[in-house]
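Written below as structure tokens is the structure these notes are about.
The values are calculated or read from the model by the stated rules, or taken from the named source; none is laboratory data. Note that the structure is a prediction, hence the values are computed from the model and not measured. Cβ sites come from the backbone with ideal geometry, for glycine too, and all protein chains shown count toward neighbours. Surface accessibility is based on the protein's heavy atoms, side chains included, excluding ligands, DNA and RNA. Shrake-Rupley method; radii C 1.70, N 1.55, O 1.52, S 1.80 Å.
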Amino acid sequence: MAVDPLDELRRRTSVKWCTHPQDVLPLFVAEMDYPLAPAVARAMIERIEASDVGYVAGPGPLAPAFAGFAQRRWGWDVDPARIRTTTDVSVGIVEALRQAISPGAQVVITPPVYAPFFQLPVEAGGTVKEVPLLDDGASWSLDLAGLEAAFAGGAQALLLCNPHNPLGLIHTREALAEVARLAHRYGVTVVSDEIHAPLVYSAADFTPFLAVSEEARAHGVCVTAASKGWNIAGAKCAIVVAGDPAMQLLLDGMPAGTGFRTSILGLHGTAAAFAEGEEWLDGVLKMLDGNRRLLGELLSAELPGVKYRMPDAGYLAWLDLRALGWGEDPAAVALDKARVAVEPGLKFGTAGDGHVRLNFGCAPEVLEEAVLRLARARESGA
């Protein structure tokens, strides 16, 4: 798969290409640089040519398409009747939490984590309870004792990130099973954001939360999309999945507008991604696998003080730049002195002090240039 050259990419009008001047390499927001999957483009174009751009009439072909993908990829049996759609994963999370919690109730998040997780529980009428991930210096993991303490203290929901953004962390089946057991014991609802799940490098390593146990299905909701795996965030379609009839009632309690606002173009493009887009996805994963390894090599050669743990999922790298002496927000220095745009680590919680999140879903040449720019900035005394 070829990546479009930079001059072609700069013709795009998404936030990645319109936020910074053209001398900046944009490696911040979670958009990839690869051409659209042909099956996805074809499905959307067919709807345009049929003048079929009205309101959606339910999940339609998307429900069986996702169920088939989930079974092939992860061995997860999904009942298509328990699938709902909405405009994006954040909306799905908020509307699920609205149904699951009482006003003002605590919702647990596990930082460092996707920045909107700090706001979504509040939008749903709740409050945020932080239970940070454990870090032993070599790997991260869920703080199961901390989660139990939060649940025992009255938290009503857990907003889980699986795989975990910004770390590319795949939670183990054993840890997820324990989360489900705790959720059952304390009556907690688990809303699992699995938007990065198609981008795991070994599908056998990933466990959807609802596939873990009966306890998980009794207390869990999965919210996911093709938007990261197939790079179609702007198509505005996400999936909300219930694990059992009781949780399906929770989804059915959402306002009708939650589903009605789904983009019909996004729905058909998403259905095509899950039904016909696996070969394209596997090609992208091969490129990303090369890039995640290349990044490690480049950092070792050019910026040996930077700490990097190669992610097991996704195209986002969590980099510890504290050795460079660029302060609590090294992203600002990277932009000003190296003309490389990365996400500030502090957006993901206090553990992000001195860190950045870098998007390596680009051409290898762009990734190499970005690291070289950062190295030159360090050498110049930035």
task: Return only the number of the condition from (1) assigned to a loop (DSSP other than H, G, I, E, B); (2) within 17 Å of ALA238 (Cβ to Cβ); (3) of a type outside the set (Val, Ile, Thr) that LEU159 does not satisfy.
output: (1)
task: Go through region 134-146 residue by residue and tally those that are out of contact with any helix residue (DSSP H, G or I) (no Cβ under 6 Å at 6 or more places or on another chain) and either of a type in the set (Phe, Trp, Tyr) or closer than 26 Å to ARG98 by Cβ (or both).
output: 2
- request: Have a look at GLY137, GLY104, GLY60 and point out the one that is open to solvent by 40 Å² or more (accessible area, probe 1.4 Å), at positive phi, in a loop (DSSP other than H, G, I, E, B) and touching a Leu at 6+ places or on another chain (Cβ under 8 Å).
  value: GLY60
- prompt: If the Cβ limit is 6 Å and pairs must be 6+ apart or interchain, which residue in region 225-247 that is of a type in the set (Phe, Trp, Tyr) pairs with which residue that is open to solvent by less than 10 Å² (accessible area, probe 1.4 Å)?
  reply: TRP230/ALA37; TRP230/VAL40; TRP230/ALA273; TRP230/GLY277
statement: When every residue in region 237-288 that is among the charged types (D, E, K, R) and not in a helix (DSSP H, G or I) is compared, the one most open to solvent (accessible area, probe 1.4 Å) is ARG261
- line: When (1) within 30 Å of GLU369 (Cα to Cα); (2) open to solvent by less than 10 Å² (accessible area, probe 1.4 Å); (3) part of a helix (DSSP H, G or I) are applied to GLY234, the one that fails is (2)
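So if I check each of ALA30, ALA2, which one is modelled with pLDDT under 95 and either in a loop (DSSP other than H, G, I, E, B) or under 23 Å from the mean Cα position of the chain (by Cα) (or both)? Spell out the reasoning first.
Values: ALA30 fails: modelled with pLDDT under 95.
One residue alone meets the criteria, ALA2.
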query: For residues in region 297-351 being under 26 Å from LYS228 (Cβ atoms) and of a type in the set (Val, Ile, Thr), which is least open to solvent (accessible area, probe 1.4 Å)?
result: VAL340
